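Asks: There's a structure below that I have some questions on.
The values are calculated or read from the model by the stated rules, or taken from the named source; none is laboratory data. Predicted model only: the values in this text are computed from it and were never measured. Virtual Cβ from ideal backbone geometry, glycine too; neighbours counted across all protein chains shown. What goes into the accessible areas is simple: the full protein's heavy atoms, side chains included, and nothing from ligands, DNA or RNA. Shrake-Rupley method; radii C 1.70, N 1.55, O 1.52, S 1.80 Å.
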Amino acid sequence: EAMGNSLPRHCARLEGRGRGSGNTDAIRISYFDATGIVSRGIASALAGARAMDPKFPLSAVQPNMKFLVYECDGGKLVPHTDLSKTCDETGMHTTHTLIIYLTGGPNSGGETVMLKKLPKVHEFNEETAPATNAGELHRLYRSACTSCCEGTYDEAMPRRGRLFVFPHDAPHLAMPVLKAPKLILRAEAY
């Protein structure tokens, strides 16, 4: 928590912002887990998942991670997929994205939504462009998930301490934040 509180803060307001001029409103801060303390904690959680389901495919996490800080209401991440990374130490290619929610609670928005289809970005942006506040943007994002993405498979609500894992090639987005800040740690696993 102390590490998260020490991260830089700034706020780009929803009003007047260049909509569609980027894919995220998050501040991205690189973090290298030099001591391995975070990686070991995540590996322990992955081992627990494997104990419940022996087919669970993941066992290790890369030490190169990112904090994503959504400082303002309305912060979001447009539909996308993630790329595989190569671990410098092992040469292994990552296959899954891990998100650890460091903040979040009831009605805070910022849900990670798994989409049935990756939409055409211009169509998605046109559907969500009329929003003038975070609540309206959240509603339009929800509607665009149905109209542009053929619906959703699942979603993870931000809750402090929740670990959410999904394949890199799975289309997803981050819904607009309704109660900022939202802080997550993002990592890649194999």
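Asks: What's the number of the only condition in (1) under 23 Å from residue 185 (Cα atoms); (2) without any contact (Cβ under 8 Å) to a residue 24 or more places away in the chain that residue 72 fails to meet?
Replies: Condition not satisfied by residue 72: (2).
Asks: List the residue pairs whose Cβ atoms are under 6 Å apart, where the first residue sits in the range 103-119 and is touching a residue at least 24 places away in the same chain (Cβ under 8 Å), the second is of a type in the set (Lys, Arg) and open to solvent by less than 40 Å² (accessible area, probe 1.4 Å), and the two are 6 or more positions apart or on different chains.
Replies: Here the result reads 103/182; 110/182, each pair linking the range 103-119 to a residue that is of a type in the set (Lys, Arg) and open to solvent by less than 40 Å² (accessible area, probe 1.4 Å).
Asks: For the range 45-59, name all the residues that are part of a helix (DSSP H, G or I) and either of a type in the set (A, V, I, L, M, F, W, C) or open to solvent by 50 Å² or more (accessible area, probe 1.4 Å) (or both).
Replies: At the first step, the residues of the range 45-59 found to be part of a helix (DSSP H, G or I) are 45-52.
45, 46, 47, 49, 50, 51, 52, listed by residue number.
Asks: Quick check on this structure: which one of 74, 104 is within 24 Å of residue 179 (Cβ to Cβ), touching a Gly at 6+ places or on another chain (Cβ under 7 Å), in a loop (DSSP other than H, G, I, E, B) and not hydroxyl-bearing (Ser, Thr, Tyr)?
Replies: On the way: 74 fails: touching a Gly at 6+ places or on another chain (Cβ under 7 Å).
Matching residue, one of 74, 104: 104.
Asks: Mind counting the residues in the range 25-44 that are surrounded by fewer than 15 Cβ atoms within 10 Å (Cβ to Cβ) and in a helix (DSSP H, G or I)?
Replies: Counting residues in the range 25-44 that are surrounded by fewer than 15 Cβ atoms within 10 Å (Cβ to Cβ) and in a helix (DSSP H, G or I) gives 4.
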